[in-house]
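Q: Before anything else, here's the structure in question.
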Amino acid sequence: EDVELAESVYNSNAIENSPVLKNKLIPVKPTAETSPSWFGFALHCAEGVSRHQLTQLLEEKKVGTRLLFGGNLTRQPAFQGLEFKTHGELKNTDAIMNRTFWIAVHPQLTQRHLAYMIETLETCIKKI
């Protein structure tokens, strides 16, 4: 049931259908013909939306967030001092590293909880 509930948020297009959120957050959608593990909702902040401010506001409202692990791995401390090759400036990986975050999901979430998440996202986005 938790998989169906989590998947329903993506399938409902709640972010895209919200006049407040649709130009501020980009939900990371699963690739066609894949079956992802629904442990969280990945959201990418549009340019000009502070991920730091947004996640702080969400946490204050009891909506758990986590930063995306990875992004531009060449900027991670483990790669300091190592030789490696890159192709280009890695602007997209920097954007993912700096503007993407997760909202956590667990089996006890109900439709009411998910509605609260969307309402809280709207409230927080309006404050930024």
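Q: Residue 113 is checked against (1) more than 25 Å from residue 17 (Cα to Cα); (2) more than 12 Å from the chain's Cα centre (by Cα); (3) part of a helix (DSSP H, G or I) and fails just one. What number does that condition carry?
A: (1)
Q: Which residue is nearest to residue 124 (Cα to Cα), if the candidates are limited to segment 54-75 and must be open to solvent by less than 50 Å² (accessible area, probe 1.4 Å) and either part of a loop (DSSP other than H, G, I, E, B) or among the aromatic types (Phe, Trp, Tyr) (or both)?
A: Per the criteria, the residue is 63.
Q: Within the set of pairs 6 or more residues apart or between chains, which connect a residue that is at negative phi inside segment 74-87 to a residue that is polar (S, T, N, Q) and assigned to a loop (DSSP other than H, G, I, E, B) with Cβ atoms less than 7 Å apart?
A: 74/86
Q: Shifting gears a bit: When residue 98 is evaluated against the numbered criteria (1) closer than 15 Å to residue 14 by Cα; (2) in contact (Cβ under 8 Å) with a residue 40 or more places away in the chain; (3) not basic (Lys, Arg), which criterion, by number, is the only one it fails?
A: Every listed condition holds for residue 98 apart from (1).
Q: If you take the residues of segment 101-117 that are β-branched (Val, Ile, Thr) and buried (at least 18 other Cβ atoms within 10 Å of the Cβ), which of them is nearest to residue 14 (Cα to Cα)?
A: To start, the set of residues in segment 101-117 that are β-branched (Val, Ile, Thr) comprises 103, 105, 110.
Next, only the ones that are buried (at least 18 other Cβ atoms within 10 Å of the Cβ) stay: 103, 105.
Numbers: 103: 14, 105: 16 Å.
Looking at residues that are β-branched (Val, Ile, Thr) and buried (at least 18 other Cβ atoms within 10 Å of the Cβ), I get 103.
Every residue, every condition in (1) assigned to a helix (DSSP H, G or I); (2) more than 15 Å from residue 128 (Cβ to Cβ), yes or no:
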| position | (1), (2) |
| --- | --- |
| 15 | yes, yes |
| 31 | no, yes |
| 52 | yes, no |
| 89 | no, yes |
| 95 | yes, yes |
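Q: Could you count how many residues in segment 14-30 are modelled with pLDDT of 95 or more and surrounded by fewer than 12 Cβ atoms within 10 Å (Cβ to Cβ)?
A: The total comes to 1.
Q: Pick out the one residue from 33, 83, 47, 89 that is surrounded by fewer than 17 Cβ atoms within 10 Å (Cβ to Cβ), closer than 21 Å to residue 13 by Cβ and among the acidic types (Asp, Glu). I'd like the intermediate steps shown before the answer.
A: Numbers: 83 fails: closer than 21 Å to residue 13 by Cβ; 47 fails: closer than 21 Å to residue 13 by Cβ; 89 fails: closer than 21 Å to residue 13 by Cβ.
When all the criteria are applied, what remains is 33.
The values are calculated or read from the model by the stated rules, or taken from the named source; none is laboratory data. No experiment lies behind these values; they were computed from the predicted model shown. Backbone-built Cβ (ideal geometry, glycine too); neighbour counts: all protein chains shown. The protein model used for the area step is the full one, side chains on, heavy atoms only, and it has no ligands, DNA or RNA in it. Shrake-Rupley method; radii C 1.70, N 1.55, O 1.52, S 1.80 Å.
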